[in-house]
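Here the structure comes first, spelled out in structure tokens, and everything after it is commentary.
What follows is calculated from the coordinates using simple rules that are stated; it is not laboratory data. Not measured: the values here are computed from a predicted model. Because the Cβ atoms are built from the backbone with ideal geometry, glycine has one as well, and the counts that use them run over all protein chains shown.
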Amino acid sequence: MGAHLPILQVVLPLMAAPLCVILRRAEWVWGITVLVCWGVFAMTASVVADVLANGTINYHIGNWPPPWGIEFRIDKASAYVLLIVSLIGAAVASYARASVLKEIPADRIYLFYTNFLLCLTGLLGMAATGDAFNLFVFLEISSLSGYTLIAMGSDKRALTASYRYLILGTIGATFYVIGLGLMYMMTGTLNMADLAQRLPDVVGTRTILVSLAFLTVGLSLKVALFPLHLWLPNAYAYAPSVVTAFMAATATKVAVYVIIRIFYFVFGGTHVFAEQGVAEAMMGLAIAGMFVASIVAVFQSNLKKMLAYSSVGQIGYIMLGVGLVSVSGLSAGLVHLFNHALMKCALFLALGCVFLRLGSVELKDMAGIGKRMPLTMGAFVVGGLSLIGVPLTVGFISKWQLMTAAFEADLWFVALLIPLSSLIAVVYIWRVVEVAYLKPIPEGARELKEAPLSMLVPTWLMALAAVYFGIDTDLTLGVAIDAAKSLMGEGL
């Protein structure tokens, strides 16, 4: 059975999804989802340990060798992303019960968990597959289920947000398929490793350059790279709290991984990423996103929307590292991919606790809530400090690594922009702290209880992880550096 864990970690949630449709009862489908998600995490942890000990795993589906058959190729980079997705999935599933009962109509709860498992399947498959078209299939599984999850929000604006995400997500997926089709036309293969070997012979052709352009735009839409981020703020703001926490911590992170895999592995041997100005353009957009999105976040009154714009800015940090085209830059991007997943998951889970008791995440309604829900807001503050990049948190490790990479590339001006943009995060996090702790509780305000332990425990798990991995970086930064060296060695 151990030999089949690479495929079982994807198949298990896929098979559990229709089981939720059959059983339908809310308690049963939640229990199945939790068991499946923790089972997937255990499988992924085993796969990661195997990769770290023995190197890349090549799993041939149906014993058909590539490039004729579909291959799951799990190296250190993909194992890293699989661990993020499975950990977040398990934590969010454990958290979901009370929040879903509050925000999802009773007759749709089984559909919620069905789509949650399908979205998890798609994200895991995207990270594990070594076939470029199979990646598109998993991308569509995660996207279609994601649109449905967002549309289940209690606010009617969730439907509009989901529709906008559907339109832009479809455009992004179409661009990806067009780019992939052009590559297939020139190489005759869809296996990523095979593509990497054949592309250098045809890289000078206009067809391949057009393919690269389509892939870059399509995947940048999925990543929500500024200014292609228009779907993200409303999608995060009006989706159910569980969906926002899960997608903010996983969906864009997996899309970043796909960009890294395409640019550094598939196109790596061609040097086209650096030579065609793609890296410079990506860095410019990343820096613009770091500042523009963060400034917009300062003026948001809805805290979920505030954190959504913050996510666009944080994606800028990740893509800046990717655009530096160096081991230190790529490792900074990879480690921030993991670190941002932890901190943003903690923040959105804390807001889900607030919404459960208060029925709102508007800043004007949260006066004195730090005294009324101290455990919940304590976790929010820890996540906020991580977002700012305070020492002993994961955010500091990411930004320090990114600044180091910028100095190594003699881009001192870029290095100075990183802490400068972080100061904007101080402003919007302080706005929340000021209202929550320094403003008095309104007269006549109803008494609020803390969120149930089933929600507080996962929230604090993410918050404490954001501190622990800011102190002990052997796993996160160590694996990120190894993965970056592997990708750079195979490519640029």
Determine ³J(HN,Hα), in whole Hz, for all residues of region 292-299 in sequence, where each value follows from phi through the Karplus function 6.51 cos²θ - 1.76 cosθ + 1.60 and θ = phi - 60°; x replaces Gly and Pro.
-> 5, 5, 5, 5, 4, 4, 4, 9
Degrees, to the nearest 10: 303-323 long Cα axis against longest axis of the chain = 20
In sequence order, calculated HN-Hα J values of region 410-426 (Karplus, 6.51, -1.76, 1.60; Hz; x Gly/Pro) = 6, 9, 5, 5, 5, 4, 6, 5, 5, x, 5, 5, 5, 5, 5, 5, 4
Excluding residue 166 itself, calculate the net charge of residues whose Cβ lies under 14 Å from the Cβ of residue 166, where each Lys or Arg counts +1 and each Asp or Glu counts -1.
-> +1
Amide hydrogen neighbours beyond the local backbone of residue 130, cut-off 5 Å, H modeled = 71, 72, 73
Can you give me the Cα centroid spacing of region 44-116 and region 424-492 in angstrom?
-> 22
Determine, for each peptide in 21-34, 245-258, 385-398, the mean count of other beta carbons within 10 angstrom over its residues, then list the peptides with the highest first.
-> 245-258, 385-398, 21-34
Among (i) 83, 44, 43; (ii) 74, 57, 42; (iii) 76, 51, 48, which is the computed Cα extents along the principal axes in Å?
-> (ii)
Round to the nearest 10 and give me the degree value, 0 to 90, for the angle of helix 76-103's Cα axis relative to the longest principal axis of the chain.
-> 30
Rounded to the nearest 0.05, what FRET efficiency do residue 301 and residue 438 have when you use their Cβ-Cβ distance and R0 = 22 Å?
-> 0.80
XL table 102/304; 76/399; 253/305; 102/449; 253/449; Cα-Cα > 24 Å flagged, in table order, is 253/449
Taking only C-alpha positions in region 277-492, Rg and Dmax in angstrom work out to 18.1, 64
The chain, relative contact order [Cα under 8 Å, separation at least 6], % | 15
Protection proxy ranking, peptides 184-190, 437-443, average beta carbon neighbours within 10 Å, highest first | 184-190, 437-443
Restrict the search to region 190-243; then list the chymotrypsin sites (Phe, Trp or Tyr not before Pro) that DSSP places in a loop and that have at most 10 other Cβ atoms within 10 Å of their Cβ.
-> none
Amide H to amide H under 5 Å from residue 390: which residues, 5+ apart in sequence or cross-chain, H placed 1.01 Å off N in plane?
-> 396
Nonlocal amide H pairs with residue 229, under 5 Å, H built at 1.01 Å | none
Compute the Cα gyration tensor for region 5-69, then decide on rounded, prolate or oblate, letting a ≥ b ≥ c be the square roots of its eigenvalues: rounded whenever a/c is under 1.5, prolate when a/b is larger than b/c in the other cases, and oblate in all that remain.
-> oblate
Around residue 313, what is the net charge, scoring Lys/Arg as +1 and Asp/Glu as -1 over all other residues with Cβ under 14 Å from its Cβ?
-> +3
Sum -39500 (n - 2.57) across every DSSP H segment of at least 4 residues in the chain, then divide by the residue count to get the 222 nm mean residue ellipticity, nearest 500.
-> -25500 deg cm²/dmol
For helix 5-23, report the angle its Cα long axis makes with the longest principal axis of the Cα atoms of the chain; keep it between 0 and 90° and round to the nearest 10°.
-> 50
